Amino acid sequence: MSKNRVIVGWMVLLILTLAINAIAAPSVGHPLVGRYEGADLVGHTHSDFDEANLINGPIVGPASGEDKRGWLHVEGVNDMYYYQLPEGRSSLEVLRNYEASLKTKGFETVFTCATSNGSCYAKRPGHSDTTGPYDFAGAIDASPELPRLNGDYIRNYFGTNARYLLAKLAPPQGAVYASIAFAEGSHGNFVFVRVVETKEMDSGKITFVGAEQMQKALADSGRISLYGIQFDFDKDTLKPESKPTLDEIAKVLRADPGLRLGVVGHTDATGGTDYNLDLSKRRAANVAAALSRNYAIDASRLAARGAGAAEPLTSNDTEEGRAKNRRVELVRH
């Protein structure tokens with residue numbers, strides 16, 4: 001082997017080692033993915049079980065649209081990490097570091113793209129396609145909508161360029177996906193890391209509360225917290241599985257025509273204060289509206305109010321605590 005080949009070989013090894021080492025210890029990042037060295041963790045959310053739409057090929061728009069090319073729907077443990085990159089570090093440099101680090105951990109690259117060369121979007125004949133970073137980030141942000149950072153939509157951090165990387169690890173049970181979006185814009189350069197560990201959901205967690213139990217709690221303490229009323233993720237839309245609990249509330253109101261109830265929406269502490277308050281108000285209002293519209297309950301008997309995260313039942317430091325704090329409460333007036 002020639003001297004030049006030895007030097008080149010050592011240079012390649014050195015570059016790869018530096019790239020791997022640049023993904024720092026996972027103390028402020030996911031243990032399987034890590035954090036780029038010097039990046040500041042500016043946000044983190046966790047869910048023991050939730051859905052996510054990940055990009056695994058060129059897309060034509062949000063996953064909720066008619067054409068869902070390029071989207072992969074997964075469910076499992078969800079973690080979102082928001083990082084601001086050190087000054088002077090480009091999104092390309094950080095993407096290459098993540099690629100090298102994930103490869104050493106057994107991940108395979110599923111898809112990678114950049115808005116600067118149009119590789120993130122599929123071409124549609126006869127259409128004027130948008131391929132800008134904001135449009136691409138808007139599709140990510142809406143699938144489903146990501147928790148906001150500093151009260152602002154994630155898509156607003158993508159101003160001048162966007163890059164994306166999806167990698168997959170296939171352990172003996174389930175699969176782990178690392179979905180990493182890289183943003184450049186007026187806010188600075190950011191990395192949004194979403195890690196989904198696919199697994200079966202722990203079932204049987206929703207405790208059904210019947211009319212009799214509701215009546216007793218309202219008589220004894222004047223209030224009751226309900227967990228059978230479910231909403232779409234980060235929205236005020238009632239899910240169909242809320243109907244059994246709404247049926248029971250209607251029974252309580254019909255049994256006592258003079259009863260007036262406050263319907264109070266509560267959130268956990270994830271997200272901004274103003275956003276949580278607005279979301280809880282809209283959710284409470286939709287519950288009251290559903291009771292009036294679908295069960296012929298006089299609207300004057302229901303007073304909707306949103307409390308946001310201001311009235312927690314327990315700590316928001318764990319997923320179990322956050323789940324307990326997310327509720328609809330009935331209060332006797």
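The values are calculated or read from the model by the stated rules, or taken from the named source; none is laboratory data. Given the structure is predicted, the values throughout are model-derived calculations rather than measurements. Here the Cβ is made from the backbone with ideal geometry for all residues, glycine too, and neighbour counts use every protein chain on show. To get the accessible areas, we keep the full protein, side chains included, count just its heavy atoms, and leave off ligands, DNA and RNA. Shrake-Rupley method; radii C 1.70, N 1.55, O 1.52, S 1.80 Å.
Compute the angle between helix 3-21 and the longest alpha-carbon principal axis of the chain, please, reported from 0 to 90 degrees and rounded to the nearest 10.
Computed tilt is about 10 degrees.
So what does His73 come to for accessible area, using a 1.4 Å probe and Å² rounded to 10?
Counting only protein heavy atoms, His73 exposes about 100 Å² to solvent.
Where in segment 268-292 is the amide nitrogen less than 19 Å from a point lying 7 Å along the Cα-to-Cβ axis of Asp40?
Under cut-off, by backbone N: 271-272.
With the other protein chains left in place, how much accessible area per residue, in square angstrom, belongs to the chain at a 1.4 angstrom probe?
Per residue, the chain has 51 Å² of solvent-accessible surface.
If you bin the C-alpha pair distances of segment 191-333 every 5 Å from 0, what whole percents do you get?
In whole percents, the pair-distance histogram is 2, 10, 18, 23, 20, 14, 7, 3, 2, 1, 0, 0.
Out of these labelled values of Rg and Dmax of the Cα atoms in Å, [x] 18.2, 58; [y] 19.5, 63; [z] 23.9, 94, which was calculated from the coordinates shown here?
[z]
About its Cα centre, what dipole magnitude does the chain give when the only charges are +1 on Lys and Arg Cβ and -1 on Asp and Glu Cβ, stated in debye to the nearest 20?
With only Lys, Arg, Asp and Glu charged at Cβ, the dipole is about 260 debye.
Where does the charge balance sit around Phe233 when Lys and Arg score +1, Asp and Glu -1, over other residues with C-beta under 9 Å from its C-beta?
-4
Using the C-alpha atoms of segment 171-270, what convex hull volume per residue, in cubic angstrom, is computed?
Each residue corresponds to 170 Å³ of Cα convex hull volume.
Considering only Phe231, Asn150, Pro31, whose Cα is most displaced toward the positive end of the charge dipole of the chain, charges sitting on Cβ of Lys, Arg (+1) and Asp, Glu (-1)?
Among Phe231, Asn150, Pro31, the one farthest towards the positive end of the dipole of the chain is Phe231.
Where a Cα-Cα gap under 18 Å defines reach, which lysines qualify for Lys216, not counting those fewer than 8 residues away within the same chain?
Within the straight-line limit of under 18 Å, Lys216 reaches these lysines: Lys251.
Report the extension gain between Thr198 and Val28 in nm, rounded to one decimal, defined as 0.36 nm multiplied by the number of residues separating them, less their alpha carbon distance.
59.0 nm
How high is the FRET efficiency from Glu99 to Asp317, r the C-beta distance, R0 41 Å, rounded to 0.05?
It comes out at approximately 0.75.
Report the extension gain between Leu92 and Thr160 in nm, rounded to one decimal, defined as 0.36 nm multiplied by the number of residues separating them, less their alpha carbon distance.
Full extension from Leu92 to Thr160 adds 23.2 nm.
Could you tell me how many degrees, from 0 to 90 and to the nearest 10, lie between the Cα long axis of helix 211-220 and the main elongation axis, the longest principal axis, of the Cα atoms of the chain?
Around 80 degrees separate the two axes.
Using +1 at the C-beta of Lys and Arg and -1 at the C-beta of Asp and Glu, which of Ala122, Leu330, Leu41 has the Cα lying farthest in the positive direction of the dipole of the chain?
Ala122
Have a look at the DSSP beta bridges in the chain and tell me what percent are antiparallel, nearest 5.
90 percent
Straight-line reach from Lys199: which aspartates and glutamates fall under 15 Å, measuring Cα to Cα and dropping same-chain residues less than 8 apart?
Cα-Cα hits under 15 Å: Asp48, Asp50, Glu51, Glu75, Asp79.
Taking 0.36 nm per residue of sequence separation and subtracting the Cα-Cα distance, how much length would be gained by fully extending the chain between Glu75 and Arg332, in nm to one decimal?
88.7 nm
So how strong a dipole does segment 26-175 carry about its Cα centre when Lys and Arg Cβ are +1 and Asp and Glu Cβ are -1, to the nearest 20 debye?
Using only the charged Cβ atoms, the result is roughly 480 debye.
If you take the alpha carbon radius of gyration of segment 33-151 and divide it by 2.2 N^0.38 Å, what ratio comes out, to two decimals?
Rounded to two decimals, the normalised Rg is 1.14.
Calculate for the chain the 222 nm mean residue ellipticity that helices alone would give, adding -39,500 (n - 2.57) per DSSP H run of length 4 or more and normalising by residue count, nearest 500 deg cm²/dmol.
Helix-only estimate at 222 nm: -9000 deg cm²/dmol.
Calculate, for Asn150 and Asp220, the FRET efficiency according to 1/(1 + (r/R0)^6) with r their C-beta to C-beta distance and R0 30 Å; round to the nearest 0.05.
0.10
Filter Lys105/Lys324; Lys68/Lys105; Lys123/Lys235; Lys239/Lys281; Lys123/Lys239 down to the pairs with a C-alpha to C-alpha distance above 24 Å, please.
Beyond 24 Å: Lys105/Lys324; Lys68/Lys105; Lys123/Lys235; Lys123/Lys239.
If you take every residue apart from Ser280 with its C-beta less than 13 Å away from the C-beta of Ser280, what net charge results, scoring Lys and Arg +1 and Asp and Glu -1?
Here the charged neighbours net out to 0.
Compute the acute angle (0 to 90°) between the alpha-carbon long axis of helix 273-295 and the principal axis of greatest extent of the alpha-carbon atoms of the chain; round to the nearest 10°.
Once rounded, the angle reads 50 degrees.
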